[in-house]
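A.B. asks: So that we are looking at the same thing, I have put the structure below in structure tokens.
Taken together, the values in this text are just the output of simple stated rules run on the coordinates, not laboratory data. Bear in mind that the values here come from a model prediction, so they are computed numbers and not experimental data. Cβ placement follows ideal geometry from the backbone for every residue including glycine, while neighbour counts extend to all protein chains displayed.
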Amino acid sequence: MERQISRRKLTIAASGALALTAIGRNARLVAAQDGSDVTVTMVTDTAGLGDQNFNDITYKGGQDAVEEYGITFNALESQTEADYEPNITTAAESSNLVIATGFYLTDSVNAVAPQFPDTNFLLIDAVAEPENVSSVLFKENEGGFLAGVLAGLFTKTNKIGVVGGQRIPPVLRYEVGFVAGVNSVNPDAEVIISYADTFGDPALGKELALAQYNQGADISFPIAGSTGIGVFDAAKEKGAGFWVIAADADQAHLGPEYQLGAALKKIDVAVLNTVGAVVEGNFEGGSHNLGINEDGVDILVTSDEVTQEQLDTIAAYKAAVANGDVLAPATDEELEAYTPTAPEALPEASPVA
């Protein structure tokens, strides 16, 4: 494996044909068409723009689409949950594609989409019923698993924290995958799990992370939207030797010397590909579930303190998950039944780049 100095995304050798989905096309086979007559409107959840996480990743995908296709891109911010349905309705009245950002907008999409059968909808992190909705789920358990492997290999104290926002399905998948990854490489490690019950309170995120660090944890994994910003604040307050593994996006700008890595969730890529499908006339409704093989999740290592041996082990697990040799649990029941695969038990044939 080639080791880069600052940003090291672990890749594996391709096995079989390139996986392509309606919204997960890794390679464009035709030149991008002109999208100047296409309007796309994003509706945020209550965390809004500036959360430096979920909503901002979605917004980035819209901006990427502006650059690639020349579309018009708008964003409507939801101050409360009561704003979801009217915002989605307003967006549908003037847009070719409406992006509903998050699990909590599901009911509103189910209510509004049938009223606008000629409008396309993209719902992130949940499944909606109408045929004109593309529902995009991610296998957060796979990205969380690799983050757990990183944490389990790197911890010096054998205590690791998780700060969650709310235990909705995508957060749950992250959590149980992470715990399974830790257990696979470090069965002696203890994982301390705390929930803020909100995705929008950095001060509470800091408080929860400080409590974990004070209990002996040296790494924390925030799955909490803007609440997770506080985990970086906690690490910075504690100083050298305290680490954060970000979720969803590379958040090294919050504290590059404190971020160990990031479990990437490529919402921006899903948005870009869905816009491309609309522009090119290939939009398809239905459910799409994106994991490692679909280029929907990944692991990014950002600290040079992670050793080459540790990088190789993470890459071997990534290959094993991609090949189906290791199944990252996605529910509490699957975690309870999960039998960890130690590094020495990984298939020798698993490709490691």
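A.B. asks: Restricting to bridges with both residues inside the chain, how much of the DSSP beta-bridge set is antiparallel, in percent to the nearest 5? Please report the intermediate quantities before stating the final value.
C.D. replies: Details: 7 of 47 bridges.
Taking every DSSP beta bridge within the chain, about 15 percent pair in antiparallel fashion.
A.B. asks: Quick query: amide H of Gly286 versus all other amide H atoms, modeled in the peptide plane; which residues come in under 5 Å with a sequence gap of 5 or more or a different chain?
C.D. replies: Those qualifying (amide H under 5 Å, at least 5 residues apart or on another chain) are Val133, Ser134, Ser135.
A.B. asks: Sticking with this structure for a sec: What's the center-to-center distance, using Cα atoms, between region 131-206 and region 72-100 in Å?
C.D. replies: Cα centroid of region 131-206 versus Cα centroid of region 72-100: 29 Å apart.
A.B. asks: Tally the DSSP beta bridges in region 218-353 and give the antiparallel ones as a percent, rounded to 5.
C.D. replies: Values: 5 of 12 bridges.
Among the beta bridges of region 218-353, antiparallel pairing accounts for roughly 40 percent.
A.B. asks: Indicate, rounded to the nearest 5 percent, the antiparallel portion of the DSSP beta bridges found entirely in region 224-303.
C.D. replies: Bridges in region 224-303 that DSSP calls antiparallel: roughly 50 percent.
A.B. asks: Please report Val191, Val162 as a ranked list, fewest other C-beta atoms within 10 angstrom at the top and most at the bottom. Present the calculation step by step, with values, prior to reporting the outcome.
C.D. replies: On the way: Val191 22, Val162 32.
Placing the least packed residue first, the sequence is Val191, Val162.
A.B. asks: If you don't mind, another one. So what is the relative contact order for region 263-353, in percent, with contacts set as C-alpha pairs under 8 Å and at least six apart?
C.D. replies: Details: 54 pairs, mean separation 25.0, N = 91.
27 percent.
A.B. asks: Leaving out same-chain residues fewer than 8 places away, which aspartates and glutamates sit with a Cα under 12 Å from that of Lys206?
C.D. replies: Cross-link targets: Asp233, Glu237.
A.B. asks: Using Cβ counts within 10 Å as a stand-in for footprinting exposure, how do Ser287, Ser303 rank, fewest first?
C.D. replies: Details: Ser287 13, Ser303 18.
Exposure proxy ranking, most exposed first: Ser287, Ser303.
A.B. asks: Could you give the length gained by full extension between Ala203 and Glu336, i.e. 0.36 nm per residue of separation minus their alpha carbon distance, to one decimal place?
C.D. replies: Working: separation 133, 0.36 × 133 = 47.88 nm, distance 3.24 nm.
Length gained between Ala203 and Glu336: 44.6 nm.
A.B. asks: Past 27 Å, Cα to Cα: identify those pairs from Lys139/Lys238; Lys156/Lys318; Lys238/Lys318; Lys60/Lys156, in the order given.
C.D. replies: On the way: Lys139/Lys238 32 Å; Lys156/Lys318 23 Å; Lys238/Lys318 31 Å; Lys60/Lys156 36 Å.
Long pairs (Cα-Cα over 27 Å): Lys139/Lys238; Lys238/Lys318; Lys60/Lys156.
A.B. asks: Can I ask one more? In what sequence do His253, His288 fall when counting other Cβ within 10 Å, fewest first? Walk me through the numbers on the way to the answer.
C.D. replies: Values: His253 10, His288 22.
In order of increasing Cβ crowding within 10 Å: His253, His288.
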